[in-house]
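Read through the structure below, which is laid out as structure tokens, and then see the notes.
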Amino acid sequence: MSAGMVDHDEVEHVADLARIHLDDEEIERFAAQFDDILEYFDALDDVPETEREAELSNVFRPDEVREGLTQEEALRNAPETEDGYFKGPKVS
């Protein structure tokens, strides 16, 4: 990957999505750090494939069907509900 794959606008866009304010110096620093991270991912392409070991087996206990909570019990401590469901914050 060539240097400078993540530009100022992309970092600013991610910051806006995260609802954080970054000054120009921070944006440039994050762009360089994102470039470094992407280079690490590119390095994974150079890792040789190895022979696969034997199939994994489930070493945990088998699943057991048990009685669950009623809808009323599940919603009892919810800060906000609507029509019998959990109500969460609006996502924009």
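Values in this text are rule-based calculations from the coordinates and carry no lab data. What you are looking at is a predicted structure, and each value in this text was computed from that prediction instead of being measured. Note that each Cβ is placed from the backbone with ideal geometry, even for glycine, and that neighbours are counted across all protein chains shown.
Scanning for something assigned to a loop (DSSP other than H, G, I, E, B) and under 25 Å from the mean Cα position of the chain (by Cα), does the range 47-70 turn up at least one residue?
Yes: the range 47-70 contains one or more residues that are assigned to a loop (DSSP other than H, G, I, E, B) and under 25 Å from the mean Cα position of the chain (by Cα).
As an exercise: evaluate residue 73 against (1) outside any helix (DSSP H, G or I); (2) surrounded by fewer than 10 Cβ atoms within 10 Å (Cβ to Cβ) and give the number of the one condition it does not meet.
Just one mismatch for residue 73, condition (1).
Pull up the range 13-30, narrow it to residues that are within 19 Å of the chain's Cα centre (by Cα) and assigned to a helix (DSSP H, G or I), then point me to the one that is surrounded by the most Cβ atoms within 10 Å (Cβ to Cβ).
30
Can you tell me which residue within the range 33-73, out of those that are hydrophobic (A, V, I, L, M, F, W, C) and touching a residue at least 12 places away in the same chain (Cβ under 8 Å), is farthest from residue 9 (Cα to Cα)?
38
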